[in-house]
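Below is one structure, written out as structure tokens, with a few remarks after it.
The values are calculated or read from the model by the stated rules, or taken from the named source; none is laboratory data. This structure is a prediction, so every number in the text was calculated from the model and none was measured. Quick reminder, even Gly has a Cβ in these numbers, built from the backbone with ideal geometry, and neighbours come from all protein chains shown.
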Amino acid sequence: MRWIKLICLITAISLLGGCSILNNYSEDQYEEAETMAVDYLNKNYEEIETIEIDSVEDSPMGGIFVQGRANTIGFNISISSDSQGELSFSSIGEEEGFPKSKEECKDVICK
């Protein structure tokens, strides 16, 4: 019985320690992710009048999650990083009524 408790404790510590190691971004990387999100929206969507960023935080999968509103309609953008810490756009979730994608950006990411 003692061994089972010890194994469970070691497993829990390992998992919690591993999770905290995954999400070590600098303040500059959070700012870069916010800038990337705003640029992505402006370059890929029609009729964006206002963009408000509500939060920039670690995502459960190890990237950075940018949440906000464009023209008062919510979005969630996921930014991932490679092994050298280089950030790149990963995906976007949009609330109903979100501005439409520009025609030339429907199949590719406009940069």
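Out of the residues in region 90-111 that are assigned to a strand (DSSP E or B) and in contact (Cβ under 8 Å) with a residue 40 or more places away in the chain, state the one that is farthest from ALA33 (Cα to Cα).
SER101
Can you name the residue in region 57-90 that is of a type in the set (Gly, Ala, Ser) and crowded, with 16+ Cβ neighbours inside 10 Å and, of all such residues, is nearest to the chain's Cα centre (by Cα)? Can you show your working first?
Start the filter on region 57-90 by keeping residues that are of a type in the set (Gly, Ala, Ser), which leaves 59, 62-63, 68, 70, 74, 78, 80-81, 83, 85, 88, 90.
Still in the running and crowded, with 16+ Cβ neighbours inside 10 Å: 59, 63, 68, 70, 74, 78, 80-81.
Working: SER59: 6, GLY63: 6, GLY68: 11, ALA70: 16, GLY74: 14, SER78: 3, SER80: 7, SER81: 10 Å.
If we take residues in region 57-90 being of a type in the set (Gly, Ala, Ser) and crowded, with 16+ Cβ neighbours inside 10 Å, then SER78 is nearest to the chain's Cα centre (by Cα).
Quick check, is MET61 under 15 Å from ILE92 (Cα atoms) and modelled with pLDDT under 85? Explain how you work it out, then say what you get.
Working: under 15 Å from ILE92 (Cα atoms): yes; modelled with pLDDT under 85: yes.
Yes, satisfied.
Can you name the strands (runs of 3 or more DSSP E) wholly within region 32-89 that have at least 1 residues being closer than 19 Å to ASP107 by Cα and touching a residue at least 24 places away in the same chain (Cβ under 8 Å)?
73-81
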